[in-house]
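Q: Here it is: the structure, laid out below.
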Amino acid sequence: MNQQKIPATVITGFLGAGKTTMIRNLLTNAGGKKIALIINEFGDLGVDGEVLKGCGAENCTEDDIIELTNGCICCTVADDFIPTMSKLLERENRPDHIVIETSGLALPQPLVAAFNWPDIRTQVTVDGVITVVDSAAVAAGRFADDHDAVEARRVEDETLDHESPIEELFEDQLTCADLIVLNKTDLIDGAGLARVRDEVASRTARKPAMIEAKNGEVPASVLLGLGIGTEEDIGNRKSHHELEHEDGTPHDHDEFDSFVVELGPIADPSVFVESLKGIIAEHDVLRLKGFVDVPGKPMRLQLQAVGSRIDHYFDRAWAAGEARGTRLVVIGLHEMDEGAVREAIEGLV
């Protein structure tokens, strides 16, 4: 790897795996490295960018955080990512390291391949791809179909494709990894963690290094400086889509939908959160995240839900002149009834 190139770390992982929390920890413990962030979210509300902009790390200011919220980065490489990288590299004070957080629904392969573009490959190299895994979700079987039931149906239909969009995406993100972080290990016991390790290992023929983490707490020295040069090996890490559509059919995200729900103040956030759990379970919502306006509180309440597991905490004060309000991004499979979910959430206020 050319040591004069700026190293770039791609952090991927399914919705709610803990990517943003891990990056926030990285920024506050980067040992003086000047880090530029490129954040891509699925949905119209830049929640992750807002979280990271409030981390207070001196070595990563708001000017160093670039958000791409108008489309999945794996689908808009030429339109969004390449121009963004070019502008970043034109800066007089260039970063020591670039960190890219993909959407939880993104295939990392097209993004890594983009580092082979002529204008990029001479200046930047992929230090490594890090895939963050929600260990509790894997332990609960959220990334696997009922394989016994599938095999029973296969007896009648040998052409049955057992893999769901979620399952395929999970495997694609693992296949691209140079390092797998099993996050949220504090939410399962030792036996559960052993099963998660076996499950994750079985999902990719490649065998990248695998480490454990709680709350996304991984030292910067572990995440940065892998020195892989992943762009040179990306042809050996093809996604399901690439293997099935080598005729050039474009990738899309028709399997998933997202929308934003805007509400007024929430007087009792504890009751609101408990009620959301029921809505999430009833409509099989994959991810829900955003901010809540609690009357009488000077700080904004951040809300992050993965399935029915919801974390909420006050992250920062409302800024002077900032419009207070409750704004939530809802993400689910295409079959999700947006009208019913929206009506149910709006009915809580």
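Q: Filter segment 293-322 down to the residues that are basic (Lys, Arg) and farther than 18 Å from Ala136 by Cα and list them by number.
A: Just the residues of segment 293-322 that are basic (Lys, Arg), to begin with: 297, 300, 309, 316.
Of everything in segment 293-322, those that are basic (Lys, Arg) and farther than 18 Å from Ala136 by Cα turn out to be Lys297, Arg300, Arg316.
Q: Could you count how many residues in segment 7-24 are more than 15 Å from the chain's Cα centre (by Cα) and open to solvent by 10 Å² or more (accessible area, probe 1.4 Å)? Reasoning before the result, please.
A: Taking segment 7-24 first, the residues more than 15 Å from the chain's Cα centre (by Cα) are 7-8.
Now narrow it down to the ones that are open to solvent by 10 Å² or more (accessible area, probe 1.4 Å): 7.
Here the count works out to 1.
Q: Name the single residue, out of those in segment 190-234 being farther than 29 Å from Thr122 by Cα and acidic (Asp, Glu), that is surrounded by the fewest Cβ atoms within 10 Å (Cβ to Cβ).
A: Within segment 190-234, the match that is surrounded by the fewest Cβ atoms within 10 Å (Cβ to Cβ) is Asp198.
Q: Continuing with the same structure: State which residue is most open to solvent (accessible area, probe 1.4 Å) when the search covers only segment 167-189 and only residues that are touching a residue at least 60 places away in the same chain (Cβ under 8 Å), under 15 Å from Ala136 (Cα atoms) and not hydrophobic (A, V, I, L, M, F, W, C).
A: In this case the residue turns out to be Lys184.
Q: Would it be correct to say that Asp284 is among the acidic types (Asp, Glu), within 24 Å of Ala106 (Cβ to Cβ) and under 21 Å from the mean Cα position of the chain (by Cα)? Talk me through it step by step, then tell me what you get.
A: Details: among the acidic types (Asp, Glu): yes; within 24 Å of Ala106 (Cβ to Cβ): yes; under 21 Å from the mean Cα position of the chain (by Cα): yes.
Yes.
Q: Report those strands (runs of 3 or more DSSP E) wholly inside segment 1-110 carrying at least 3 residues which are modelled with pLDDT of 75 or more.
A: On the way: elements: 6-12, 35-40, 65-68, 97-101.
Correct list: 6-12, 35-40, 97-101.
Q: Pick from segment 319-349 the residues that are open to solvent by less than 50 Å² (accessible area, probe 1.4 Å), modelled with pLDDT of 90 or more and in a strand (DSSP E or B): which of them is farthest from Lys289 (Cα to Cα)?
A: Thr326
Q: Can you say whether Pro298 is without any contact (Cβ under 8 Å) to a residue 60 or more places away in the chain and surrounded by 15 or more Cβ atoms within 10 Å (Cβ to Cβ), as far as the supplied structure shows? Outline the logic, then answer.
A: Values: without any contact (Cβ under 8 Å) to a residue 60 or more places away in the chain: yes; surrounded by 15 or more Cβ atoms within 10 Å (Cβ to Cβ): no.
No.
Q: Taking segment 311-336 only, how many residues are more than 18 Å from Pro269 (Cβ to Cβ) and touching a residue at least 24 places away in the same chain (Cβ under 8 Å)?
A: Selection size over segment 311-336: 5.
Q: Go through segment 88-143 and give me each residue that's closer than 16 Å to Asn183 by Cβ, open to solvent by less than 10 Å² (accessible area, probe 1.4 Å) and of a type outside the set (A, V, I, L, M).
A: If the condition is that a residue be closer than 16 Å to Asn183 by Cβ, open to solvent by less than 10 Å² (accessible area, probe 1.4 Å) and of a type outside the set (A, V, I, L, M), then Glu101, Thr102, Gly104, Thr131, Asp134, Ser135 are the ones that fit.
The values are calculated or read from the model by the stated rules, or taken from the named source; none is laboratory data. None of these values were measured; they are calculated from a predicted model. With ideal geometry, Cβ positions are generated from the backbone for all residues, glycine too; neighbour counts draw on all protein chains shown. Calculation scope for accessible area: heavy atoms of the full protein, side chains included, ligands and nucleic acids excluded. Shrake-Rupley method; radii C 1.70, N 1.55, O 1.52, S 1.80 Å.
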